[in-house]
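Asks: Structure below; questions to follow.
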Amino acid sequence: MDPWQTLTTAYEQSRVREDSLDQLMEWDAQRSMIGSVAGKAVLDVGCGNGGKAVELAREYGAASVVGVDVGAQFVTPPDDVDVTLLTGDLSTLDEIEALEGRRFDLVVFLQSLAYARDRDRTLRAVRSLLTEDGVLVVSMAHPIRWAVERSEREGIGLGEAYHAVGPYSYPSLWDRDVTITHTTDTFSSIHNSLTDNGFVVERVLEPQLSEEKQQRYPHKQAWLAQHVGIIIFRARPSA
C-alpha cells in the first residue's frame with residue numbers, strides 16, 4: 001500500500017491548522033506564482049484530498065480542474081463547479097486513461113513532485129498534457145530543509161547532506177509506523193530536471209513569513225530560520 005493511502009487525512013488535518021505554514025504563507029505564495037486561473041483548465045497532480053482543486057474552481061474561477069492523487073481520500077466537489085478528482089499515481093500519469101487526449105492551461109505540483117519514482121517520466125507526461133502556452137508550477141520543500149534535517153538525523157556535514165541527491169526515507173511525522181520515501185534535491189537538480197524535460201524556468205520564489213506573522217507565530221519563524229521552508233518554480237514549455 002502506498003503510504004499516502006494512510007497519511008492523507010492526517011496531512012490534510014495538519015495543513016488546515018491556523019498555524020500551519022500552508023495557511024500562513026505557502027498557499028498565498030503558490031497562488032502568486034500560479035497567477036489568474038479564470039477560465040482555464042487546471043491539472044493538480046498530487047492533489048491530496050482535492051481541497052485546493054475545489055478552491056481554484058470555486059474561489060478563483062478555473063473553468064475546470066482535474067485532481068489526481070494516490071491517496072483517494074477526496075472531498076466531494078460541489079455541484080456548481082467542474083472538478084474531477086481521480087485516483088492515480090503521479091509516477092504513472094501517462095497511464096491514467098482519463099487524462100488521455102486532455103490538454104491543460106496550468107499544471108501544478110503542490111508539494112508532490114518529490115514523490116515521483118521517475119521524475120523525468122512524470123515531467124515528460126506533464127509536458128504532453130500542457131498547452132503550448134501553458135504554465136507549470138512546482139512547489140517543493142526547499143533543498144536546504146532536507147539537508148538540515150538529514151545532517152541532524154544522520155550526523156553528517158551539511159554540505160554532504162545537501163549534495164546527497166536521491167531517495168530519502170524516514171518515519172512520517174503523522175504516523176511513526178509509516179515510512180515516507182521521496183527524492184531530496186539540490187537547487188540545480190530541481191532546475192535541471194525541469195529544463196531537461198522540456199521546460200523553461202521563468203521565476204523562482206522562496207517565500208517567508210511576513211513580519212506580522214513572525215511576531216504572531218514565533219515557533220514557526222524559529223523553524224523557518226533553521227529549515228528555510230519551500231521553493232516554488234514557475235515554468236513554461238520550451239520551444
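The values are calculated or read from the model by the stated rules, or taken from the named source; none is laboratory data. Quick caveat, the model's predicted, so the values are computed rather than measured. Here Cβ is always computed from backbone atoms with ideal geometry, including for glycine, and neighbour counts include all displayed protein chains. Side chains included, ligands, DNA and RNA excluded: accessible areas come from the protein's heavy atoms. Shrake-Rupley method; radii C 1.70, N 1.55, O 1.52, S 1.80 Å.
Asks: Please report the relative contact order for region 30-158, taking Cα pairs under 8 Å with a sequence separation of at least 6, and give it as a percent rounded to a whole number.
Replies: Over region 30-158, the number comes to 24 percent.
Asks: How high is the relative contact order of the chain, given as a whole-number percent (alpha carbon pairs under 8 Å, six or more residues apart)?
Replies: It rounds to 19 percent for the chain.
Asks: Show the residues, 5+ positions off or on another chain, whose built amide H is closer than 5 Å to the amide H of ILE230.
Replies: Residues meeting the amide H criterion: HIS142.
Asks: Related question: Please identify, among GLY229, GLY35, GLY50, the residue showing maximal mean-square fluctuation in a Gaussian network model of the chain using a 10 angstrom Cα cutoff.
Replies: GLY35
Asks: Roll a 1.4 Å probe over the protein heavy atoms and report the accessible area of TYR170 in Å², nearest 10.
Replies: Per-residue accessible area (TYR170): approximately 20 Å².
Asks: With every protein chain left in place and a probe of 1.4 Å, what is the accessible surface of VAL228, to the nearest 10 Å²?
Replies: Accessible area of VAL228: about 40 Å².
Asks: Between VAL165 and LEU205, take the C-beta separation as r, use R0 = 30 Å, and let me know the FRET efficiency to the nearest 0.05.
Replies: 0.90
Asks: Which whole-number value in Å² is the accessible area per residue of the chain, probe 1.4 Å?
Replies: Computed with neighbouring chains in place, this is 47 Å² per residue.
Asks: Mind giving me the nanometre distance, one decimal, between the label points for ASN192 and SER20, set 7 Å out from Cα along Cα→Cβ?
Replies: So the label points at ASN192 and SER20 sit 3.4 nm apart.
Asks: On the accessible surface of region 55-129, probed at 1.4 Å, how many percent belong to carbon and sulfur atoms?
Replies: Summing carbon and sulfur atoms, their accessible area is 41 percent of the total for region 55-129.
Asks: Measure off, as a whole percent, the carbon and sulfur share of the 1.4 Å-probe accessible area of region 136-195, all protein chains present.
Replies: 54 percent
Asks: If we count trypsin sites (Lys or Arg not before Pro) as exposed when they sit in a DSSP loop and have at most 14 other beta carbons within 10 Å, what is the longest stretch of the chain that avoids them all?
Replies: With a cap of 14 other Cβ atoms within 10 Å, the longest stretch comes to 18-101.
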